[in-house]
Amino acid sequence: MPDSLPSPVAITTAVVPVAGLATRLRPLSRGVPKGLLPVAGRPVVQHIVDELAACGIERVVLVTGRGRGAFAAHFADGRGPEMACVDQPEPLGLGDAILRAAPLIDGPFVIALGDALLGRGAPARAVQRLVAAVEAGAGAAVAVEEVAADDTCRYGIVTPAGDGDPFPIAGVVEKPAPETAPSRLAVAGRYAATPSLLDALRDTPRDSGGEVQLSDALSALGGVVALRLAPGEERLDVGTVPGYCAAFVEYALSDAELGPALRARAATLLDGQR
């Protein structure tokens, strides 16, 4: 596990939703939950838990669907943060997943999406900065990164309401078309929030698909700020086959043990295709 980063934080609980059906990864995900797919010798969820531990998180609540037993078995050795699992029996949205963890949340908390890796193998500090923003008085804080205009329809896009870093936002629009997107700043899979976000989620009506959207609750909450990912913290989306393949390659090449031999092998293969 990576060495702990400096500046311990008061927020020590994180929720990691890993219950999604992973339809964009089929057939790869038919038999293996997305969070347990390997990326350079460790499953996706282990990379996320290691990142959180390096940022001072001591307790992780996994929101699981199928495969709960496999997740529990992976973390059965007890190393790292304290782990707990709760079920989301039906895929009713990210907001619903977070509410499933509410009985285990007793204060401000972090959310780390189970299909987003940060840092390419090096510990990312984004969670620490989000926590600091909430400790400074924000109702919630979200990490954002700029995406291409054509990609706004894939993510939650924030509506900026000021400048700075962090900067205030007026809300989050879920997967807007490029011509209607309020910005090109996409939520990057990491959040910190006060328990008031749970109240906002409880008051959030289900959308037309029957899901509770976290973006709707954030838009209703007020006092939400956004922070840009720092250089080197770029998100890798492991929720698609191309994204998963890219993450595996990048993490493997950056690994101290795997990287040198893989780079040599890749160079040989690339030379042979010229």
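The values are calculated or read from the model by the stated rules, or taken from the named source; none is laboratory data. All values reported here derive from a predicted model rather than from experimental measurement. For neighbour counting, all protein chains shown are included, and Cβ atoms are generated from backbone atoms with ideal geometry for every residue, glycine included. Surface accessibility is based on the protein's heavy atoms, side chains included, excluding ligands, DNA and RNA. Shrake-Rupley method; radii C 1.70, N 1.55, O 1.52, S 1.80 Å.
Details
- Exposed-loop-free span, longest in the chain, where GluC sites (Glu not before Pro) count as exposed if DSSP calls them loop and at most 10 other C-beta atoms lie within 10 Å: 1-178
- Relative pair counts by distance (%), Cα atoms of region 138-177, 10 Å bins: 26, 56, 18, 0
- Highest GNM mean-square fluctuation among 114, 162, 56, for the chain modelled with Cα contacts below 10 Å: 162.
- The distance separating the Cα centre of region 59-81 from that of region 137-188 comes to 31 Å.
- Residue 207 paired with residue 28, simple spin-label distance in nm, labels 7 Å along Cα-to-beta-carbon: 2.3
- Taken over the alpha carbons of region 201-274 as equal point scatterers, the Debye sum produces base-10 log I(q)/I(0) values at 0.15, 0.26 Å⁻¹ of -0.77, -1.12.
- Each 10 Å bin from zero holds the following percent of Cα-Cα pairs in region 135-221: 17, 49, 30, 3.
- Volume in Å³ per residue [convex hull over Cα atoms, computed for region 1-137]: 112
- Rounded to the nearest 20, the size of the Cβ-charge dipole of region 2-161 about its Cα centre is 480 debye, with Lys and Arg at +1 and Asp and Glu at -1.
- The simple spin-label model puts a point 7 Å past each Cα toward its Cβ; for residue 262 and residue 82 those points are separated by 3.5 nm.
- The chain: DSSP helices with Cα axial extent of at least 27 Å and average Kyte-Doolittle hydropathy no lower than -0.5: none
- Taking the Cα centre of the chain as origin and assigning +1 to Lys and Arg Cβ atoms and -1 to Asp and Glu Cβ atoms, the resulting dipole is close to 720 debye.
- Share of carbon and sulfur in the accessible heavy-atom surface of region 148-274 [1.4 Å probe, %]: 55
- Taking 17 Å as the cut-off, the amide N atoms of region 7-37 that come nearer than this to a point 7 Å along the Cα-to-beta-carbon line of residue 73 belong to 30-37.
- Dipole magnitude for region 55-140: about 280 debye, using +1 per Lys or Arg Cβ and -1 per Asp or Glu Cβ, origin at the Cα centre.
- Simple rule: put +1 on each Lys or Arg Cβ and -1 on each Asp or Glu Cβ in the chain, find the dipole, and look at 93, 157, 240; the Cα lying farthest toward the positive end is 240.
- For region 207-231, backbone nitrogen atoms closer than 15 Å to the point 7 Å from residue 21 Cα along Cα-to-C-beta are found at 209-212.
- Ellipticity estimate at 222 nm from DSSP helix runs (n ≥ 4, -39,500 (n - 2.57)) divided over the chain, nearest 500: -8500 deg cm²/dmol
- Cα-based shape type of region 72-193, given that a ≥ b ≥ c are square roots of the gyration tensor eigenvalues and the cut on a/c is 1.5: prolate
- Rh by Kirkwood over Cα pairs, then Stokes-Einstein D for region 108-150 at 0.692 mPa s and 37 °C, µm²/s: 273
- Accessible area per residue in Å² at 1.4 Å probe, computed on the chain: 45
- Listed residues 264, 10, 109: farthest to the positive end of the dipole of the chain (Cβ charges): 264
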